[in-house]
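To keep things clear, I will list the structure first and then write my remarks on it.
Derivation of every value follows stated rules applied to the coordinates shown; laboratory data play no part. For clarity, every value in this text was computed on a predicted model and none was experimentally measured. Don't worry about glycine lacking a Cβ; one is built from the backbone with ideal geometry, like all the others, and counts go over all protein chains shown.
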Amino acid sequence: MQTHNFDVDITTPSTNQKIKINKDFIEVNNDKIACEDVKAVKYGVSLLGGTKKPNGKEYNIDILGKNDKTISIRFKSNKVEDLLEEDHTYYYIMSGVWQYVKKYLVSHFIEVLNNKSDFSVGNTQITHQGFMLEYSSGFLFWKKQKIELVPWANLKYYLNKGILYVESLDDRSKKATFSLHHDWNAVVLNTLLHYLWQDHRKEKLAKGQEI
């Protein structure tokens with residue numbers, strides 16, 4: 001079976017950042033974070049110049065390591081067509097991020113849930129039983145913010161314009177939102193949820209079984 005090489009060695013367009021990614025580290029202009037030290041990632045492609053008449057694209061990839069050290073990959077395009085040279089550069093860099101960093105983070109979250117522990121993305125806590133979702137209780141000026149565990153069986157999720165939504169099936173006021181571009185590990189959570197919604201994994205998790 002052929003072994004694929006996901007190592008990255010490239011200089012970015014427009015910003016001339018020297019990027020190296022392999023199984024040991026991510027390096028940007030000699031600033032380095034070991035893959036095993038990565039705690040979170042966020043990334044995305046944004047349109048520049050407004051949504052009605054965009055005049056370019058901006059590509060962002062951020063890596064968060066131990067002691068809150070961050071490294072950022074940034075570059076732009078002055079065009080907006082599909083599959084630009086810059087798009088290929090982005091996908092090439094992301095293949096290394098996925099293989100050596102994001103895959104590990106997804107596996108780490110699965111291990112946390114299997115150990116009946118919890119983790120947080122943004123301000124939301126995720127446990128092996130479900131999501132701790134915030135909602136408003138009361139009327140008008142007497143409203144109070146509360147948090148309630150919503151079990152896996154009562155959850156739905158969907159993605160819309162770079163925002164990940166997680167909601168209670170019974171009460172849509174109980175919800176959480178995550179920006180794939182701006183919230184650390186929202187992209188990891190999105191992949192994790194896709195994994196859990198297959199092959200009855202979230203149901204197994206709710207029963208205390210390993211997935």
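Given a Förster distance of 35 Å, report the FRET efficiency between Ser137 and Lys207 from their Cβ-Cβ distance, rounded to the nearest 0.05. Don't jump to the answer; show the numbers that get you there.
Numbers: r = 30 Å, r/R0 = 0.85.
Between Ser137 and Lys207 the formula returns 0.75.
Quick one: if you stick a label point 7 Å off each Cα along the C-beta vector at His182 and Lys156, how many nm between them?
2.6
Suppose the chain between His4 and Arg172 were pulled fully straight at 0.36 nm per residue; how much longer would it get relative to their current alpha carbon spacing?
Contour length minus the Cα-Cα distance gives 56.1 nm.
How about the stretch 151-210: which GluC sites (Glu not before Pro) there are in a DSSP loop, with at most 14 other Cβ atoms within 10 Å of their Cβ?
Filter output for the stretch 151-210: Glu210.
Take the alpha carbon atoms of the stretch 16-94, find their radius of gyration, then divide it by 2.2 N^0.38 Å using N residues; give the quotient. List each step's numbers first, then the result.
Details: Rg = 14.0 Å, N = 79, 2.2 N^0.38 = 11.6 Å.
In units of the globular-protein estimate, the stretch 16-94 measures up at 1.21.
Cβ under 14 Å from Lys20's Cβ, Lys20 left aside: what net charge do those residues give with Lys, Arg +1 and Asp, Glu -1?
-2
In whole Å, what three semi-axes, largest first, describe the equivalent ellipsoid of the stretch 117-206 built from its Cα gyration tensor (square root of 5 times each eigenvalue)? Before the final figure, lay out each step's value.
Values: eigenvalues 97, 52, 28 Å².
Ellipsoid semi-axes (Å, largest first): 22, 16, 12.
Name all residues of the stretch 175-190 having a backbone nitrogen under 19 Å from the label point set 7 Å from the Cα of Leu149 along its Cα→Cβ direction, giving them as ranges.
Zone members listed by number: 175-176.
Under the rule that an exposed site lies in a DSSP loop and has at most 14 other Cβ atoms within 10 Å, name the longest stretch of the chain with no trypsin sites (Lys or Arg not before Pro) of that kind, not counting the sites themselves.
The longest uninterrupted stretch comes out as 80-115.
What nm distance separates the two modelled labels at Gln198 and Gln125, each placed 7 Å from Cα along Cα→Cβ?
3.0
How much net charge surrounds Tyr135 when only other residues with a Cβ under 13 Å from its Cβ are counted (Lys, Arg +1; Asp, Glu -1)?
With Lys, Arg at +1 and Asp, Glu at -1, the net is +1.
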